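Report on one structure; see the data block that follows.
The values are calculated or read from the model by the stated rules, or taken from the named source; none is laboratory data. Every value quoted in this text rests on a predicted model; they were computed, and no experiment measured them. Positions of Cβ are backbone-derived with ideal geometry, glycine not excepted, and every protein chain shown enters the neighbour counts.
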Amino acid sequence: MMNNGPKLLDVIAMLRDLPEQKVRRGMVGTIVETKGEFFLVEFCNSKGETVALTPLKPEDFLVLERISAQGIANL
């Protein structure tokens with residue numbers, strides 16, 4: 001599968017801390033808007049409440065991929 005870079009609604013994991021935004025390495029968020037080289041990412045708590053909404057560059061995060069059970073069986 002070919003990855004053409006981050007896109008709207010991708011789920012990401014942070015690669016570094018952003019203390020001023022209260023975002024820590026490993027936190028999971030969703031890309032909610034794309035603006036040029038920046039991606040607006042929303043981070044929510046377990047209640048679904050937004051805890052941070054911050055613009056990020058691709059080097060700040062890793063796009064997470066989901067694979068189905070059938071996909072795992074075919075590996």
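Structure above, values below:
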{"item": "Pairs with Cβ under 6 Å, 6+ apart, first in the range 43-55 and under 12 Å from Thr30 (Cβ atoms), second of a type in the set (Ser, Thr, Tyr)", "result": "Cys44/Thr50"}
{"item": "Flag if Gly5 is modelled with pLDDT of 95 or more, at positive phi and loosely packed, with under 14 Cβ neighbours inside 10 Å", "result": "no"}
